[in-house]
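Have a look at the structure below before the remarks.
The values are calculated or read from the model by the stated rules, or taken from the named source; none is laboratory data. It should be emphasised that the depicted structure is a prediction, and the values quoted were computed from it without experimental measurement. Backbone-built Cβ (ideal geometry, glycine too); neighbour counts: all protein chains shown.
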């Protein structure tokens with residue numbers, strides 16, 4: 001297990017990457033929308049979601065790579081580590097080739113499955129191939145990022161992500177001023193990803209001299225071990241893919257590409273909230289694996305409680321700001337027409353996910369210990385219910401129905417089963433868990449809610465810069481409240497000490 005300083009660096013590098021990626025993407029979206037239009041942007045979303053389902057061929061292997069790299073490095077078993085990596089890469093290389101063939105076939109079916117405007121039909125088929133080609137490379141490249149995460153070097157993984165989005169943004173801004181199309185956008189994305197994959201590949205060998213990749217090390221026994229952990233991880237990935245992205249697909253089939261764009265604008269903000277929480281939760285997986293392998297379950301319980309509390313200190317200010325100020329943001333970001341369509345969808349999606357996002361740490365602790373079977377089975381049930389409800393409600397209520405189709409099953413899942421997840425993760429009662437991890441952030445949020453209500457009513461922002469300033473100042477006030485209401489004297493002292501590495 002790495003030092004506390006490295007853990008802090010990992011968490012803050014996650015947030016730094018999240019902020020940079022978010023700012024770049026949110027700035028790019030109006031620019032791309034202007035050049036492609038609502039329908040064109042909707043087609044782009046559909047091609048990515050449609051081919052993204054092929055990413056399910058990951059089969060949970062990447063999650064296994066993270067777990068076993070962390071586990072084998074903790075005990076110095078580099079032979080098993082190299083077998084795991086080599087076996088995973090061999091499997092992913094074969095799956096990547098299969099994915100590319102399947103993508104070419106699906107490109108001929110894309111226009112007949114979705115309601116694609118005539119002017120985009122010829123481009124759409126080629127974009128499916130470009131996105132599929134990127135996916136074919138990303139599967140074996142996922143082994144390399146899994147190794148990096150298993151080494152707990154989230155800082156480097158995030159750096160490569162920032163490089164990727166920066167290359168993509170620069171090329172879009174330059175090329176779209178001369179010519180814009182879906183095909184150009186797909187080619188830019190492929191090029192930027194290939195650069196990031198190459199950097200990742202080079203980094204892992206420099207960081208771990210004992211790493212050796214050879215297809216001669218790949219074997220069936222190692223594959224069985226990988227799948228013991230990976231099968232239910234795969235089910236979890238399948239379930240979340242359906243839960244988060246099936247409404248876009250169903251809207252593309254039952255409604256129009258433009259409706260996909262409106263729904264996507266709301267889901268983007270929810271997605272960024274999830275990514276902010278992942279800045280804490282993703283770091284937990286290899287830590288939990290390492291603690292379990294050493295039998296240190298008391299520390300694991302502490303990690304669960306603190307991880308949840310810190311997650312809520314991220315979720316609550318972002319979510320509450322979107323609830324109170326989200327409509328203003330849409331007006332300033334994309335215009336009043338988008339605000340009318342997107343803000344109600346945002347509210348429906350966001351409210352039930354405030355609690356579910358707080359459980360990301362619990363899920364990562366379960367994954368790190370290979371205790372996620374029940375979690376995966378419930379998630380599959382949620383995904384099935386999401387599909388059924390979305391099919392029914394989209395026909396009647398359009399994008400509002402799509403949002404309800406996601407929100408209702410999510411609310412049911414975490415209302416009924418979260419206490420079981422928590423008990424499985426660290427043998428702690430829900431009452432003690434709630435008291436230690438939830439109550440402090442909730443107390444800090446009460447005055448913050450009043451502040452946001454006053455800002456929304458009496459100080460509406462006139463432009464994006466004013467909006468950013470208002471949100472930033474409100475966030476600083478929440479940080480002050482959190483520091484004084486959520487942290488004990490001992491915790492504050494520890495945090496000050498852990499930031500000492502910034503002075504080095």
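Specify which of the listed residues (478, 458, 467) is on the phi < 0 side of the Ramachandran plot, at pLDDT 90 or above, loosely packed, with under 11 Cβ neighbours inside 10 Å and not assigned by TED's automatic domain parsing to the domain that holds residue 303. It is 458.
Of everything listed in (1) modelled with pLDDT under 90; (2) over 22 Å from the mean Cα position of the chain (by Cα); (3) crowded, with 17+ Cβ neighbours inside 10 Å, the single unmet condition for residue 143 is (2). All conditions in (1) assigned to a helix (DSSP H, G or I); (2) in contact (Cβ under 8 Å) with a residue 24 or more places away in the chain; (3) not assigned by TED's automatic domain parsing to the domain that holds residue 255 hold for residue 411, with the sole exception of (3). Over 24 Å from residue 73 (Cα atoms), in contact with a helix residue (DSSP H, G or I) (Cβ under 7 Å, 6 or more places away or on another chain) and surrounded by fewer than 17 Cβ atoms within 10 Å (Cβ to Cβ) - does that describe any residue in region 195-207? Yes: region 195-207 contains one or more residues that are over 24 Å from residue 73 (Cα atoms), in contact with a helix residue (DSSP H, G or I) (Cβ under 7 Å, 6 or more places away or on another chain) and surrounded by fewer than 17 Cβ atoms within 10 Å (Cβ to Cβ).
Restricting attention to region 339-376, the residues being over 23 Å from residue 259 (Cα atoms), assigned to a helix (DSSP H, G or I) and in contact (Cβ under 8 Å) with a residue 40 or more places away in the chain number 17. Screening 224, 206 for residues that are farther than 24 Å from residue 365 by Cβ, assigned to a helix (DSSP H, G or I) and not assigned by TED's automatic domain parsing to the domain that holds residue 169 leaves exactly one candidate, 224.
Determine, yes or no, whether residue 445 is surrounded by fewer than 19 Cβ atoms within 10 Å (Cβ to Cβ) and closer than 23 Å to residue 313 by Cβ.
Values: surrounded by fewer than 19 Cβ atoms within 10 Å (Cβ to Cβ): no; closer than 23 Å to residue 313 by Cβ: yes.
It is false that residue 445 is surrounded by fewer than 19 Cβ atoms within 10 Å (Cβ to Cβ) and closer than 23 Å to residue 313 by Cβ.
Quick check: is even one residue across region 280-298 closer than 25 Å to residue 29 by Cβ and either crowded, with 19+ Cβ neighbours inside 10 Å or at pLDDT 95 or above (or both)? The answer is yes; a qualifying residue exists. Set side by side, the residues 383, 403, 379, 472 differ, and just one is within 26 Å of the chain's Cα centre (by Cα), in a helix (DSSP H, G or I) and surrounded by fewer than 17 Cβ atoms within 10 Å (Cβ to Cβ), which is 472. Looking only at residues of region 209-221 that are in a helix (DSSP H, G or I) and touching a residue at least 60 places away in the same chain (Cβ under 8 Å), we find that the one that is farthest from the chain's Cα centre (by Cα) is 216. For the structure I just gave you, tell me whether residue 277 is at pLDDT below 70, within 17 Å of the chain's Cα centre (by Cα) and not assigned by TED's automatic domain parsing to the domain that holds residue 76. Judged against the criteria, residue 277 is not a match. When every residue of region 111-119 is checked against the conditions, none turns out to be touching a helix residue (DSSP H, G or I) at 6+ places or on another chain (Cβ under 9 Å), surrounded by 21 or more Cβ atoms within 10 Å (Cβ to Cβ) and assigned to a helix (DSSP H, G or I). Residues in region 428-451 include at least one that is outside any helix (DSSP H, G or I) and at pLDDT 90 or above. If the condition is being in a helix (DSSP H, G or I) and surrounded by fewer than 23 Cβ atoms within 10 Å (Cβ to Cβ), then region 386-398 contributes 387, 388, 389, 391, 392, 393, 395, 396, 397.
Check whether at least one residue in region 178-201 is over 20 Å from the mean Cα position of the chain (by Cα), at pLDDT below 90 and in a helix (DSSP H, G or I), and report yes or no. Within region 178-201, one or more residues are over 20 Å from the mean Cα position of the chain (by Cα), at pLDDT below 90 and in a helix (DSSP H, G or I).
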